[in-house]
Amino acid sequence: MSVVARWAREAKLDDPTRLELYSKLSEIRQFEQRAYDLFLQNLVAGTSHLSLGQEAVAAGFAQAMRDDDFTFCTYRGHAHTLVRGASMTGLMAELLGRSNGILAGKGGSMHLTSVENYAMGSYAIVGSHLPIAAGAAWAAQERGTGQVSVCFFGDGTTNIGAFHEALNLAAVWKLPVVFVCENNLYMEYTPIASVTAVEHPGADRAAAYGLESLIVDGNDVDEVYGIATTYLERARDGGGPALIEAKTYRKGGHSRADPAKYRPPQEVESWLARDPIILYRSRLLELGVEEKTLDDIDSEVLTAVDRATEEAKAAPPADEELIHADVWADGGSRWRN
Amino acid sequence: MAELTYREAVAAGLAQEMERDDSVYFIGEDVAAPGGVFKTTGGLLERFGPRRVRDTPISEEAIAGAVMGAAMTGLRPVGEIMFSDFFATCWDIVANQIAKTRYMTNGQVTLPLVIRAANGGGLRFGAQHSQSVENWAMAVPGLKVVAPSNPADVKGLLAASIRDDDPVIFLEAKSLYPTKGEVPDGEHVEELGRAVVHGDGEDVVLVALAAMVPRAIEAGERLRDEHGIGCRVVDLRSLVPLDVSTLLESVRATGRVFTVEENPRLCGWGAEISSIVAEEALYDLDGPIVRITTPHVPLPAAETLEDATIPSASRIVDTVVKEQ
Ligand SMILES: Cc1ncc(C[n+]2csc(CCOP(=O)(O)OP(=O)(O)O)c2C)c(N)n1
Ligand SMILES: [Mg+2]
């Protein structure tokens, strides 16, 4: 059986860490809200998958990770890439298909990557990045770098083969990788419970492969941070992989304009009442943090989001010259002489 | 020069590169202690130890994924997919992830990796253990595709593939594993994207790859001796990159082109060759381009059926005589 984490209840966090956590939450919330607004203004082509409502998972882990730990995430990857320190302008511009996009417009919303920040990519085929994250952990183990690979994915991902292959390999090779299942109760539109026989789709399966696994309140950033710290250090010290199943909920639909009508109103209401940002804000106020301190953080973030939006909008569209660039390591795309 | 089998040349190529570069690792199913189901990797475990030569679970996605994740973070790994048919179980990792990640990230990620596999027919294994999948890989931008026809090339092209900073699908012709050939002593590294021409006949050029090369060479000798038709054989050696200039030189020298392909007919690499020749050397041709391929059927198992399905030296001879 999986253990339910109860770390933060007892633990004491210092104020600077708490304010950094709050700042990360605020950054994700406001960036994603802006991405949504830009989509409504028809400035974002293609698709996008927001992390509104799920911010605490990305924020808690990023706060706990060493600067050179690897992040692997899914198409729902704006939050995970941003929170590792990737350029906000670069990310916003990528959503808008601009030349100053972090991938120069060649990847788009579902593939955000910032290798300089060890954000090793957003993967859009369900499950593919789990074995890849295990591979990065394997390299770290062999090279003795002490890096840990952290791999985020959804509940729906636990039913695809790559999930099972990756967990088994990670366990049998004792790889420094932490798998993080963001269980938001739904795949795209189908409730995970209707297609999965076990109660905890990530944690229950992980146990079967010999991974340490546990369940955490994914809307409580202190708790996520605490558990992340524990299991990152364990992996770093050679203790092997773990799977953390973080229970959370999307504020909105799966992607773009999905109105998410398939979710019962009571369920939505009860989760929105546990919005991770409202939750954390009131905890910090209770702990005696000044309201103004939090407001100042929010307005600093807003300024940054505004600046990123302006810089993205002002840039020219993605450069057509790059169509033929970087298929190969020599920078080009030649397949013949 | 030492005489090695095609099979031994695999281990020789891997050993040469593992000796030279500590970041070269090798993983796959039954590759370490058992030395590979085709006995291609024997001795590597003893020589390089259990960390650098490692058995995996039967998890093709995990093999391909691990190789990718390791390549993007500092290793230069080689993975083995036991039979190339099994690429179908990890094609997502190969075609969607490995092939595209450098491009999609605007060059942020480099993937110096090789995935080797035993490819093609000849062992009577039936339709799921005998396919020639070079055209699967050739169709995906971002993959290099190499397929050697002799032991020296196995070693030299494998070394070049490992040193290459791009992902390489390295297809070994399983019917050639027992064949022997001279392999240069000392370090041997070939160049990707350079075809080799055998013979200097001026009547026809046979364009071939991997296991079809020795058959084309044999057919060429018979065509010369029995029918007075002068042949040369172009061994493409790699489909991506493709040595079009060597190909077109031979087309101009002969005026007649026959492709000899082990893959099933539709969208085989010879179709691309034909298209290039038609676009760029049509007026050098004295007759139609002819493709000699495995027909568009799954490969049957029985000896007689398999032999009648994959192009043989006799079929090449008959086709050339008839069309010439
Ligand atoms: C292999 C594969 N199958 C289907 C899809 C289409 N698809 C995209 S997201 C998604 C739902 C994934 O659900 P989950 O893992 O719970 O992640 P969430 O979106 O809830 O974060 C599906 C089915 C896909 N991208 N890849
Ligand atoms: Mg989900």
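Enter the angle in degrees (range 0 to 90, nearest 10) between the Cα long axis of helix B:244-254 and the first principal axis of the Cα atoms of chain B, meaning the one along which they spread out most.
20
Which distance in Å, rounded to a whole number, links the C-alpha centroids of the range B:37-74 and the range A:198-251?
28
Roughly how big is the protein assembly as shown's charge dipole about its Cα centre, with Cβ charges of +1 (Lys, Arg) and -1 (Asp, Glu), in debye to the nearest 20? Intermediate values should be presented prior to the final figure.
Numbers: 60 positive and 95 negative charges, 156 e Å.
Here the size comes out at about 760 debye.
With the dipole of chain B worked out from charges on the C-beta (+1 for Lys and Arg, -1 for Asp and Glu) around the Cα centre, which of B:VAL213, B:ALA278, B:MET68 lies farthest toward the positive end?
The one lying farthest along the dipole's positive direction is B:MET68.
Hey, any idea what Rg/Rh is for the protein assembly as shown, computing Rh the Kirkwood way over Cα pairs? All intermediate terms of the calculation are to be shown ahead of the outcome.
On the way: Rg = 27.9 Å, Rh = 26.7 Å.
Ratio of gyration radius to Kirkwood radius: 1.04.
Nearest 5 percent is fine: what portion of the DSSP beta bridges confined to the protein assembly as shown is antiparallel?
Values: 12 of 73 bridges.
Restricted to the protein assembly as shown, the bridges split so that about 15 percent are antiparallel.
Which FRET efficiency, nearest 0.05, do B:ARG265 and B:ASP286 yield, Cβ-Cβ r, R0 22 Å?
Values: r = 24 Å, r/R0 = 1.09.
After rounding, the FRET efficiency stands at 0.40.
Provide Rg over Rh for chain B; use the alpha carbon set for both Rg and the Kirkwood Rh (inverse mean inverse pair distance). It would help to have the intermediate numbers written out before the result.
Numbers: Rg = 19.3 Å, Rh = 19.9 Å.
Reported Rg/Rh (Cα atoms, Kirkwood Rh): 0.97.
Could you state the number of Å between the C-alpha centres of the range A:148-193 and the range B:148-180?
After rounding, the separation between the Cα centres reads 35 Å.
Modelling each spin label as a point 7 Å along the Cα-to-Cβ direction, I'd like the A:ASP296/A:THR17 distance in nm, to one decimal.
A separation of 2.2 nm, rounded to one decimal place.
How well do other chains shield peptide A:102-108, expressed as the mean number of their Cβ atoms within 10 Å of each residue Cβ?
Values: counts 3, 6, 3, 1, 6, 7, 1.
What the average comes to for A:102-108 is 4.
Taking +1 at the Cβ of each Lys and Arg and -1 at the Cβ of each Asp and Glu, which of B:PRO77, A:TYR75, A:GLY253 sits farthest along the dipole of the protein assembly as shown towards its positive end, judged by Cα position relative to the Cα centre?
It is A:GLY253.
GNM on chain A, C-alpha springs below 10 Å: top fluctuator among A:ALA246, A:ALA140, A:ALA273?
Among A:ALA246, A:ALA140, A:ALA273, the largest GNM mean-square fluctuation belongs to A:ALA273.
Would you count, across the range A:3-324, every pair of lysines whose alpha carbons are under 23 angstrom apart, provided the pair is eight or more residues apart or spans two chains?
9
Remind me, relative contact order of the range B:196-323 in percent, using alpha carbon pairs under 8 angstrom and six or more residues apart? Don't skip to the answer; put the middle values down first.
Numbers: 213 pairs, mean separation 35.8, N = 128.
This gives 28 percent for the range B:196-323.
For an R0 of 35 angstrom, estimate the FRET efficiency from the Cβ-Cβ distance between B:SER245 and A:ILE125 and round to the nearest 0.05.
On the way: r = 37 Å, r/R0 = 1.06.
Result of the calculation: an efficiency of 0.40.
Can you tell me the order of B:176-188, A:233-245, A:122-134 when each peptide is scored by its average per-residue count of other Cβ atoms within 10 angstrom, highest first? All intermediate terms of the calculation are to be shown ahead of the outcome.
On the way: B:176-188: 15.2, A:233-245: 20.8, A:122-134: 27.2.
For the peptides B:176-188, A:233-245, A:122-134, the packing ranking is A:122-134, A:233-245, B:176-188.
Take each of the peptides A:141-148, B:65-72, average the number of other beta-carbon atoms within 10 Å over its residues, and list them starting from the highest.
Going from most to least packed, we get B:65-72, A:141-148.
Can you tell me how chain A classifies by the Cα gyration tensor, rounded, prolate or oblate, using a/c under 1.5 as the rounded cut?
Cα axes put chain A in the rounded bin.
Given Cα positions, please report Rg to Rh for the range B:1-78, the hydrodynamic radius being the Kirkwood one. Walk me through the numbers before you get to the answer.
Values: Rg = 12.4 Å, Rh = 12.8 Å.
Computed over Cα atoms, the ratio is 0.97.
Using a 10 Å cut-off on Cβ to Cβ distances, tally the other chain neighbours for every residue of B:95-105 and report the average as a whole number.
Values: counts 1, 4, 8, 1, 1, 4, 7, 4, 11, 12, 14.
If you average over the peptide's residues, the count of other-chain Cβ atoms is 6.
Place the peptides B:252-260, B:301-309, B:125-133 in order of packing, highest mean first, counting for every residue the other Cβ atoms within 10 Å and averaging per peptide.
Values: B:252-260: 21.7, B:301-309: 13.8, B:125-133: 20.1.
Those peptides, ordered most packed to least, come out B:252-260, B:125-133, B:301-309.
Explain nothing, just the number: relative contact order of the range B:2-183, from Cα pairs under 8 Å at least 6 residues apart, as a whole percent. Before the final figure, lay out each step's value.
Values: 382 pairs, mean separation 51.1, N = 182.
Computed value for the range B:2-183: 28 percent relative contact order.
Nearest-5 percent of antiparallel DSSP beta bridges in chain A?
If we restrict to bridges inside chain A, about 10 percent are antiparallel.
From the P(r) of the range B:196-323, could you give the percentage of C-alpha pairs in the tail past 21 Å? Provide the component values of the computation, followed by the final result.
Numbers: 2699 of 8128 pairs.
Of the Cα pairs, 33 percent sit more than 21 Å apart.
Please give the average number of partner chain Cβ atoms lying within 10 Å of the Cβ of each residue in B:49-57, rounded to a whole number.
Details: counts 0, 0, 2, 1, 0, 2, 0, 5, 5.
So the per-residue partner count for this stretch is 2.
Where does helix B:269-281 land angle-wise versus the long Cα axis of chain B, in degrees 0 to 90, nearest 10?
Compared with the principal axis, the helix lies near 50 degrees.
Among B:ARG116, B:ARG224, B:ARG237, which one moves the most in a GNM of chain B with springs linking Cα atoms closer than 10 Å?
B:ARG224
Treat every Asp and Glu Cβ in chain A as -1 and every Lys and Arg Cβ as +1, leave all other atoms uncharged, and give the resulting dipole magnitude about the Cα centre to the nearest 20 debye. Write out the running numbers ahead of the final one.
Details: 31 positive and 47 negative charges, 152 e Å.
Roughly 740 debye, rounded to the nearest 20.
Using a Gaussian network model of chain A with C-alpha springs under 10 Å, which one of A:VAL178, A:VAL301, A:VAL150 is most mobile by mean-square fluctuation?
A:VAL301
Enumerate the helices in chain A for which the Kyte-Doolittle hydropathy averages -1.0 or more and the C-alpha atoms extend at least 30 Å along the helix's axis, using complete DSSP H runs.
Details: long enough: A:15-40 (37 Å, -0.67); A:291-314 (34 Å, -0.65).
Membrane-span-like by this criterion, though nothing is claimed about a membrane: A:15-40, A:291-314.
Applying 1/(1 + (r/R0)^6) with R0 = 56 Å to the Cβ-Cβ distance of A:GLU116 and B:GLU226, what FRET efficiency is obtained, to the nearest 0.05?
Working: r = 65 Å, r/R0 = 1.16.
After rounding to 0.05, the efficiency reads 0.30.
Using only Cα atoms and rounding to the nearest 10 degrees, what angle (0 to 90) does helix B:151-163 make with the longest principal axis of chain B?
Roughly 50 degrees between the two axes.
Relative contact order of chain A: what whole-number percent is it, with Cα pairs under 8 angstrom and at least 6 residues apart? Before the final figure, lay out the partial values.
Details: 641 pairs, mean separation 80.4, N = 337.
The value is 24 percent.
Quick check: pseudo-label points 7 Å beyond the Cα along Cα→Cβ at A:GLU286 and A:ALA193, how many nm apart are they?
About 2.6 nm separates the two model spin labels.
Taken together, the values in this text are just the output of simple stated rules run on the coordinates, not laboratory data. Only a predicted model underlies this, so the values are computations on that prediction, with no experimental measurement involved. Every residue, glycine as well, gets a Cβ built from its backbone with ideal geometry; the counts of neighbours run over all protein chains shown.
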